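One structure below.
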Amino acid sequence: MEFPIESPILSFIIILLIVLLSPLVLKRFNIPGIIGLIVSGIIIGPYGLNIIDNNSAVELFSTIGLLYIMFLAGMELDLNEFRLNKYRSITFGILTFIIPLCIGFPVCRYLLGYDISASILIASMFATHTLVSYSIVSKMGITRNPAVAITVGGTILTDIAVLVILAVIINKETGNIDLDYWIRFAITFIVFLLVMFLIIPKISRWFFRKFEGESHSHFIYVLVILFISAFFAEIIGLEPIIGAFMAGLALNRLIPHSSSLMSKIEFIGNSLFIPVFLISVGMVVDLSVIVKGPRAIIVALTLSAVALSSKWLAAFFTQKIFKYTKNQRNLIFGLSSSHAAATLAIIIAGYRVNILDENILNGTIILILITCVVSSFVTESSSRKILIGDNPIIKINKLKFLDENFLLPMTDVENFGEFFKLLLLIKDNRSKKPISLLSIIPNDIDAEKNIVGARNEMEKYAKIANGIDIQVNNITTIDNNRISALTRISREIMADTIIVPWTKSGAFISFNAERFSRIVGTVDKSVMICQIDKPLMTCTRIVLLTPIYTEREAGFEAMMEKIIRLSKELSVSILHIGTEETNDGINSLIDNKKKHSFVTFENIKELFNFHADLENYIKEEDMIIIVMSRKEFISSSALFDNIPTKIERNFKDNIKIAIYPYQPQDHEHEDFDEII
């Protein structure tokens with residue numbers, strides 16, 4: 001057999017075997033799988049055994065993988081956290097840009113002896129970084145840690161700044177830079193931002209709403225937006241990775257993190273495109289440069305030392321300024337220390353126009369290998385420590401909430417899928433308990449036929465949940481009294497939360513009337529009565545209305561855990577309208593006492609006991625969540641009981657949810673007539 005292998009099928013088989021086996025083998029030795037992929041690329045690449053050439057097919061998958069990394073970084077970014085930490089991201093971006101420049105320029109100019117243009121270009125290479133180890137924090141589920149948010153934000157700032165420096169130096173050397181260049185760049189960049197954050201979200205919202213049931217079309221649409229954005233960025237003179245990240249940000253609010261669509265996006269990226277990119281990084285590493293003389297070794301070690309030390313200093317000063325923990329500092333360093341595609345692109349561009357020599361090119365290849373290995377080890381180690389319990393920001397994820405049992409009775413409402421999505425969004429994805437779908441069939445002559453139809457319908461939703469590793473328990477029962485059946489099944493499966501779909505007009509007016517009190521009066525568990533007439537992704541904010549003393553109820557923490565998780569999944573903020581004592585209770589759960597918070601507050605005393613000027617606080621795209629109370633409990637209020645009527649009358653088009661939190665009762669209720 002001749003090498004390199006020319007058969008695309010055999011080449012692809014070898015790459016797939018590497019993707020499959022190398023992480024499994026290295027896992028036994030507690031070595032990050034990323035390292036196995038990079039080392040495998042070195043072995044099979046043109047500078048190793050030359051089994052596979054770095055051909056156009058590998059380059060295509062590699063490019064897609066790099067774009068996918070940046071796209072996922074934008075998609076998985078907690079926009080609430082990012083918005084709250086935007087100044088921290090800017091601070092880190094400045095530090096991780098300035099410190100490498102200040103250290104790198106004198107080292108390259110006076111120690112290695114390069115001219116001013118070459119020294120600036122090399123120093124700017126130290127400033128950039130590629131989120132090679134982002135997949136580690138993604139798999140560990142800590143992408144919403146503030147340390148991750150500011151690192152991702154800083155990455156974009158540094159990459160844009162470095163690419164501007166590259167454009168200036170290249171155009172200066174070729175004599176193409178002038179005032180017209182900057183004017184064209186500024187105009188096209190502004191147009192690019194307007195398209196990404198004004199036009200693309202509107203088109204996407206329309207597409208997802210128009211073709212709501214076409215899950216495969218949704219995935220293809222996301223890919224189209226990703227690559228169009230990357231291509232447009234390339235046209236205006238930016239790196240495609242900037243466009244990919246912008247695409248992720250543009251779609252962030254429209255694709256919940258726990259949705260089946262997000263699961264498909266992550267699966268294809270983490271399973272294929274990103275691993276091939278990591279293999280391709282190893283394929284450009286030429287270890288033979290080590291034996292080409294002391295100059296190559298000195299340059300390689302110097303570049304690596306400057307790159308790692310400058311990034312560590314940037315992480316260190318960021319930690320001190322914002323009082324992060326040691327593990328968060330190491331996480332910032334781990335994520336920002338790896339140099340790969342962007343670094344290589346800068347150096348190759350400088351090499352092609354004779355600004356940089358072969359020693360810098362070869363030294364950069366070694367730098368890529370060293371920094372990727374260091375980044376992988378540091379990121380995995382710090383991620384594990386943070387996962388164990390070193391995250392001081394979010395305190396609400398408690399074990400007692402992990403295994404909640406959800407029950408969703410199926411109804412014939414037109415958009416039942418939105419109620420199912422709501423359940424998936426508020427369910428903790430670490431829970432191993434299945435969710436239960438209940439279909440209650442009347443006991444008539446068509447009962448058996450209706451049971452078959454109900455089971456087929458439930459199976460569709462079970463497939464959606466299985467796509468994101470959530471099991472569904474499908475339950476069908478025959479009963480003419482639906483409330484009797486609902487309460488009986490909820491007790492049989494020991495349900496903690498019952499979600500009741502309701503879309504009929506006037507539902508909220510009747511929430512506290514006798515027939516609706518029978519639902520919540522029969523069970524003491526958490527009950528969510530929901531009116532969802534439009535897609536959840538159209539929500540731009542959650543307005544939370546709470547009665548006095550809500551924070552003293554037994555189910556307060558579990559209720560708030562669901563609401564906060566929902567806001568994070570939809571990437572929206574929360575406006576809490578209630579008492580100051582309840583707001584303090586929310587603060588104690590999410591460390592909300594700091595000024596930078598995604599929960600804002602309006603005191604009911606300033607709103608004339610809820611009944612004046614609510615229109616000034618609630619907007620058309622807000623989701624309204626009203627916390628109710630069963631009679632004779634401490635948070636029960638005759639004044640507050642009228643709020644649903646006001647909400648229904650004045651906000652007919654809003655998504656509305658009434659939550660009756662868990663309130664333990666010492667008495668049992670009789671079965672009642674059918675009301676749903």
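The values are calculated or read from the model by the stated rules, or taken from the named source; none is laboratory data. These figures come from a predicted structure and were not determined experimentally. No Cβ is skipped: glycine too gets one built from the backbone with ideal geometry, and neighbour counts run over all protein chains shown. Each accessible area value is taken on the protein alone, full model and side chains, heavy atoms only, with ligands, DNA and RNA left out. Shrake-Rupley method; radii C 1.70, N 1.55, O 1.52, S 1.80 Å.
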**Message:** Report the gain in length on full extension from L21 to I94: 0.36 nm times residue separation, minus Cα-Cα distance, nm rounded to one decimal.
**Reply:** 22.3 nm
**Fill in**
For N474, the residues 5 or more places away or on another chain with a placed amide H closer than 5 Å to its own amide H are L437
**Message:** Give me a comma-separated list of calculated 3J(HN,Hα) values for region 579-590, in order, Karplus coefficients 6.51, -1.76, 1.60 applied at θ = phi - 60°, integers in Hz, x for any Gly or Pro.
**Reply:** 8, 5, 5, 5, 5, 5, x, 5, 4, 5, 7, 10
**Fill in**
Projected onto the charge dipole of the chain (unit charges on the beta-carbon of Lys, Arg, Asp and Glu, signs +1, +1, -1, -1), the Cα from I44, S56, G243 with the largest positive-side position is that of I44
**Request:** Pairs of Cα atoms under 8 Å, at least six residues apart: use those to get the relative contact order of the chain, whole percent.
**Result:** 15 percent
**Prompt:** Using Cα-only point scatterers and the Debye equation, what is log10 of I(q)/I(0) for region 50-113 at each q in 0.13, 0.21, 0.24 Å⁻¹, rounded to two decimals?
**Reply:** -0.73, -0.86, -0.93
**Asked** Among residues other than N474 whose Cβ falls under 15 Å from its Cβ, what is the net charge (Lys/Arg +1, Asp/Glu -1)?
**Response** +1
**Prompt:** FRET efficiency for F12 and I183, Cβ-Cβ distance as r, R0 = 51 Å, nearest 0.05?
**Reply:** 0.65
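Please tell me which of these pairs span more than 32 angstrom C-alpha to C-alpha: K460/K631; K463/K562; K460/K568; K323/K568? Display every interim value, and only then the final one.
Working: K460/K631 38 Å; K463/K562 24 Å; K460/K568 26 Å; K323/K568 24 Å.
Table pairs above 32 Å Cα-Cα are K460/K631.
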**Asked** Residues with amide H under 5 Å of I441's amide H, sequence separation 5 or more or different chain, H placed in the peptide plane at 1.01 Å from N; which?
**Response** T477, I478, D479
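For region 432-506, report the translational diffusion coefficient in µm²/s to the nearest whole number, using Stokes-Einstein at 20 °C, 1.002 mPa s, and a Kirkwood Rh over Cα pairs.
158 µm²/s
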**Request:** Let me know the Rg and Dmax you get for region 217-283 when you use only its Cα atoms, in Å.
**Result:** 13.0, 37
**Message:** If you split all Cα-Cα distances of the chain into 20 Å bins from zero, what percentages do you get per bin, shortest first?
**Reply:** 17, 45, 28, 9, 0
**Fill in**
Residue separation between D641 and N415 times 0.36 nm, minus their alpha-carbon distance, gives in nm 78.6 nm
**Message:** Going by average Cβ density within 10 Å per residue, which order do the peptides 93-103, 54-64 take, highest to lowest?
**Reply:** 93-103, 54-64
**Prompt:** If you find the alpha carbon centre of region 614-660 and of region 219-252, how far apart are they in angstrom?
**Reply:** 40 Å
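When you count, for each residue, the other Cβ atoms within 10 Å and take the mean per peptide, how do 148-154, 485-491 rank with the highest first?
In decreasing order of mean packing, 148-154, 485-491 become 148-154, 485-491.
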**Asked** Can you give the helix-only mean residue ellipticity at 222 nm for the chain, where every DSSP H stretch with n ≥ 4 adds -39500 (n - 2.57) and the sum goes over all residues, rounded to the nearest 500 deg cm²/dmol?
**Response** -18000 deg cm²/dmol
**Item:** Inverse mean reciprocal Cα-Cα distance (Kirkwood Rh) of region 103-242, Å
**Value:** 18.1 Å
**Item:** Cβ-defined net charge surrounding L198, 15 Å radius [Lys, Arg +1; Asp, Glu -1]
**Value:** +3
**Fill in**
With 0.36 nm assigned to each residue of separation and the Cα-Cα distance removed, K631 to N55 gains 200.2 nm
**Fill in**
Surrounding charge for G41, neighbours by C-beta under 14 angstrom, Lys/Arg +1, Asp/Glu -1, total -3
**Request:** Could you tell me what percent of the accessible area of the chain is made up of carbon and sulfur, with a 1.4 Å probe and every protein chain present?
**Result:** 59 percent
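When only DSSP loop residues count, what GluC sites (Glu not before Pro) in region 199-248 have their Cβ near at most 14 other Cβ atoms within 10 Å?
For GluC sites (Glu not before Pro) across region 199-248 that sit outside H, G, I, E and B with at most 14 neighbouring Cβ atoms in 10 Å, the list reads E212, E214.
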**Prompt:** Applying 1/(1 + (r/R0)^6) with R0 = 22 Å to the Cβ-Cβ distance of K210 and T540, what FRET efficiency is obtained, to the nearest 0.05?
**Reply:** 0.70
**Volume per residue of the C-alpha convex hull in region 249-382, rounded to whole Å³** = 158 Å³
**Asked** What is the distance in Å between the Cα centres of region 103-165 and region 409-434?
**Response** 41 Å
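Hey, can you rank 116-125, 437-446 by average C-beta count inside 10 Å, highest first?
Top of the packing list down: 116-125, 437-446.
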